[in-house]
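Pasting in a structure now, in structure tokens, and then I'll have a few things to ask.
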């Protein structure tokens, strides 16, 4: 097992340096190291670096830190729950975001457990989500699907967007469920994600959305429908695409989508 | 009215017709003299400008605002002071007051806008362009078309699906010097082409690098009127600092590709054209880049990238020896900049070149073409009317930007890379393939 450059831990510490030049330099050194650890021949080094970066990303605050639960919370279940769910980290949010980002550049599974854990970190979770999106492994997919149980419409929208670049039964199931979300932005993202998967059965979900919701939601559903048609056409399902395009022509879709349908059917 | 069939009538008819009308055009249609007749208001293209910083204002508003075929109908910028200032400028010589927006989506919702010009930082191009195309607008998108490789293919696909006329702002495709140079090379006036060198250094020189490491500035509150979160959009979050925002975006790799995309989108685009690789690209890349670890700008200050194409021809891209493109053949060389066209022998340049068999150049248009004039916009407007593809169509813009991104990736990784231009992916290098794509900050998506 290769050992990590001893400077790495020093650079990680320096990411939070109040002198922005020092912090910048440290990040650039870590970035260069991460990128150059990427070749397939360096699998062991990738694991080693992922571990160092990941442990720093998820490292708890030292014992005497602010995260220690005050004794006064005893007897107050709500405040105790607040304290238990307020993780206190060793590194500042900006540093954790950078560490999460670096982990996304390593093409190995070893980064995933740390990124999955960081999905619980409210300040670093969107970058962790981005890095999981860059990781093609099954475990990254599972972590992203699991993140759909989180709260926050913007974050959930990001998770759905990340899933849009993948395929497989578990993805489809998760996206179909997300298409029923009460939060419209998540729902919209799910429709767009379903439109990127070549499966003509998604049309019924999208078509239904084109009849409900606000004018903006309906318009987006029509755009998603046209996207699905094109996804099908590109995958070789020309009949499926033509069926949707013909349906668009007779729907209340806007002119650009009807024009795309006419172009495709001509 | 210029023609019996007006633009809107034509659009309506073409919408009833087929995609076949959107076919590649040669550059023969780039007629500089075509724009001088005033068009009737109903025939004018109603344009929305999205992003009115230096480029959007001093180039697009300047030229399109004076173009009788155009009405500047709307202006959008996340910096209110810039939007208002551009709006005031647009009022000069116009009877109509342009609408002002801070969010491009509101502009795209307007049914009375025909086309948009996107002159935002690079990290916004793909999202805005795709939404514009899906809203039925024709598009002029500044170069480089993309910030990363994967988004370009998606943009091309949407453009084809919607029959969008899209011009990429690599305006050297409409510039007399470059068009003639490409025509001469493709007609083998320098013999068999062996090597192309693109110089991305200081413009107007034949020597000298372009180096700008930047100056550190403290993080601060964004100025009033600037919606900095919207400025960042899909890019990773950063606290505001003036050296990241507005014109300075081009030196920060979260918002741009740096020098190799800023100028490479011009000169590497010309190389791709001369190589007849508008729908393809190199197969091997190796690069050295001088990334400034002292900051604040993180782009490659020094760069030297060697590309090899499938036909064995080499493209070298560097930034230490002036600005322009040099073509080296078995029988001579041609050097072209925005100001000059030189060759190893005067005879190479004196022989007339007909535009009939090489789409790069039409001798008849020569006298009209003066650097800094409006051929590229006029080509776009011509194509909006004819529904033909533009001189710098989106596929060429995507491929040229890809060449630049490949160089950046090779420099950052510091290893030789193999690229499959058909599948648009690296061969046997998962680490490199990660860099083809960049996840967007929530909630943004393509």
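Condition check: within 14 Å of chain B (Cβ to nearest Cβ) and touching a residue at least 60 places away in the same chain (Cβ under 8 Å). Does residue A:147 satisfy that? Before you say what the answer is, go through the steps one by one.
Numbers: within 14 Å of chain B (Cβ to nearest Cβ): yes; touching a residue at least 60 places away in the same chain (Cβ under 8 Å): no.
So residue A:147 does not fit the description; no.
Conditions tested, residue by residue: (1) free of Cβ contacts under 8 Å to residues at least 24 places away in the same chain; (2) more than 13 Å from chain B (Cβ to nearest Cβ); (3) surrounded by 20 or more Cβ atoms within 10 Å (Cβ to Cβ).
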{"residue": "A:156", "(1), (2), (3)": "no, no, yes"}
{"residue": "A:231", "(1), (2), (3)": "no, no, yes"}
{"residue": "A:234", "(1), (2), (3)": "no, no, no"}
{"residue": "A:237", "(1), (2), (3)": "no, yes, no"}
{"residue": "A:241", "(1), (2), (3)": "yes, no, yes"}
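Residue-wise test of (1) touching a helix residue (DSSP H, G or I) at 6+ places or on another chain (Cβ under 6 Å); (2) outside the structural domain of residue A:133 (by TED's automatic domain parsing); (3) more than 27 Å from residue B:237 (Cα to Cα); (4) at pLDDT 95 or above.
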position: A:3; (1), (2), (3), (4): no, no, yes, no
position: A:16; (1), (2), (3), (4): yes, no, no, yes
position: A:24; (1), (2), (3), (4): no, no, no, yes
position: A:38; (1), (2), (3), (4): yes, no, no, no
position: A:42; (1), (2), (3), (4): no, no, yes, no
position: A:49; (1), (2), (3), (4): no, no, no, yes
position: A:80; (1), (2), (3), (4): yes, no, yes, no
position: A:95; (1), (2), (3), (4): no, no, no, yes
position: A:105; (1), (2), (3), (4): yes, no, no, yes
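Looking at (1) crowded, with 20+ Cβ neighbours inside 10 Å; (2) within 14 Å of another protein chain (Cβ to nearest Cβ), which one does residue A:210 not meet, given that it meets all the others?
(2)
Output the residue which, of all residues in segment B:286-309 that are outside any strand (DSSP E or B) and without any contact (Cβ under 8 Å) to a residue 40 or more places away in the chain, is surrounded by the most Cβ atoms within 10 Å (Cβ to Cβ).
Checked segment B:286-309; the qualifying residue surrounded by the most Cβ atoms within 10 Å (Cβ to Cβ) is B:309.
I'm trying to understand the selection: among the residues of segment A:160-173, which are part of a helix (DSSP H, G or I) and more than 8 Å from chain B (Cβ to nearest Cβ)?
A:160, A:163, A:169, A:170, A:171, A:172, A:173
Sticking with this one: Being more than 12 Å from the chain's Cα centre (by Cα) and farther than 15 Å from residue A:58 by Cβ is the filter; apply it to segment A:103-135 and report the residue that is nearest to the other protein chains (Cβ to nearest Cβ).
Among those residues, the one meeting the criterion is A:107.
Let me ask something else. If you check B:228, B:249, which single one turns out to be in the same structural domain as residue B:291 (by TED's automatic domain parsing), surrounded by 20 or more Cβ atoms within 10 Å (Cβ to Cβ) and at pLDDT 95 or above?
Testing whether each residue is in the same structural domain as residue B:291 (by TED's automatic domain parsing), surrounded by 20 or more Cβ atoms within 10 Å (Cβ to Cβ) and at pLDDT 95 or above leaves just B:249.
While we're here: Considering every residue within segment B:428-440, establish whether at least one is over 24 Å from residue B:124 (Cβ atoms), touching a helix residue (DSSP H, G or I) at 6+ places or on another chain (Cβ under 9 Å), surrounded by 21 or more Cβ atoms within 10 Å (Cβ to Cβ) and more than 9 Å from chain A (Cβ to nearest Cβ).
No, segment B:428-440 contains no residue that is over 24 Å from residue B:124 (Cβ atoms), touching a helix residue (DSSP H, G or I) at 6+ places or on another chain (Cβ under 9 Å), surrounded by 21 or more Cβ atoms within 10 Å (Cβ to Cβ) and more than 9 Å from chain A (Cβ to nearest Cβ).
If we scan segment B:191-204, do we find a residue that is at positive phi and buried (at least 19 other Cβ atoms within 10 Å of the Cβ)?
no
Whether any residue in segment B:163-172 is without any contact (Cβ under 8 Å) to a residue 40 or more places away in the chain and in a helix (DSSP H, G or I) is what I want to check.
No: zero hits.
So for segment B:160-181 (the condition being out of contact with any strand residue (DSSP E or B) (no Cβ under 8 Å at 6 or more places or on another chain), within 14 Å of chain A (Cβ to nearest Cβ) and farther than 19 Å from residue B:108 by Cβ), does at least one residue qualify?
Scanning segment B:160-181 turns up at least one residue that is out of contact with any strand residue (DSSP E or B) (no Cβ under 8 Å at 6 or more places or on another chain), within 14 Å of chain A (Cβ to nearest Cβ) and farther than 19 Å from residue B:108 by Cβ.
Quick one: which helices (runs of 4 or more DSSP H) sit completely within segment B:212-285 and have at least 1 residues that are within 12 Å of another protein chain (Cβ to nearest Cβ) and over 23 Å from the mean Cα position of the chain (by Cα)?
Numbers: elements: B:228-232, B:259-262, B:264-274.
Here the list reads B:228-232.
The values are calculated or read from the model by the stated rules, or taken from the named source; none is laboratory data. Everything numeric in this text was worked out from a predicted model, so none of it was measured. Every residue, glycine as well, gets a Cβ built from its backbone with ideal geometry; the counts of neighbours run over all protein chains shown.
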